[in-house]
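For reference, the structure discussed in these notes is given below.
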Amino acid sequence: MAGKIVLFQFRLASDRSVSPRQLREIWSLASNSAKVSVSRTPRLVGAGFTYSLSGPSDMPNIAAVESRLRILLDKYVEGAAITLARMH
């Protein structure tokens, strides 16, 4: 079984946030997997956080996962100006 790695990171506008529970639900739906985790760390520069989304290193069809993730973040994180980056 593949180990977990950070697959995506994103930032929200500094006046926006998302709860860990909601983010994990979004990430699980987008990835079609329960084997995922989420974390957040304060930004080194500026206000707000960097959110990290981890999952299996062999997650299938990562492009489709990214597409679903973008749609779900846009739908459930109201008013967010999202900057999403694929890490692998």
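The values are calculated or read from the model by the stated rules, or taken from the named source; none is laboratory data. Quick caveat: nothing in here was measured; it's all calculated off a predicted structure. Don't worry about glycine lacking a Cβ; one is built from the backbone with ideal geometry, like all the others, and counts go over all protein chains shown.
Some points to look at:
- Per the listing LEU72, LEU53, LEU84, the residue uniquely touching a residue at least 12 places away in the same chain (Cβ under 8 Å) and part of a helix (DSSP H, G or I) is LEU72.
- Those residues of region 28-50 which are basic (Lys, Arg) and in a loop (DSSP other than H, G, I, E, B), in sequence order: LYS35, ARG43
- Hits in region 31-70 (condition: loosely packed, with under 13 Cβ neighbours inside 10 Å, under 16 Å from LEU12 (Cβ atoms) and modelled with pLDDT of 90 or more): THR41, PRO42
- Of all residues in region 1-50 being free of Cβ contacts under 8 Å to residues at least 40 places away in the same chain and of a type in the set (Val, Ile, Thr), the one that is nearest to ASP74 (Cα to Cα): VAL38
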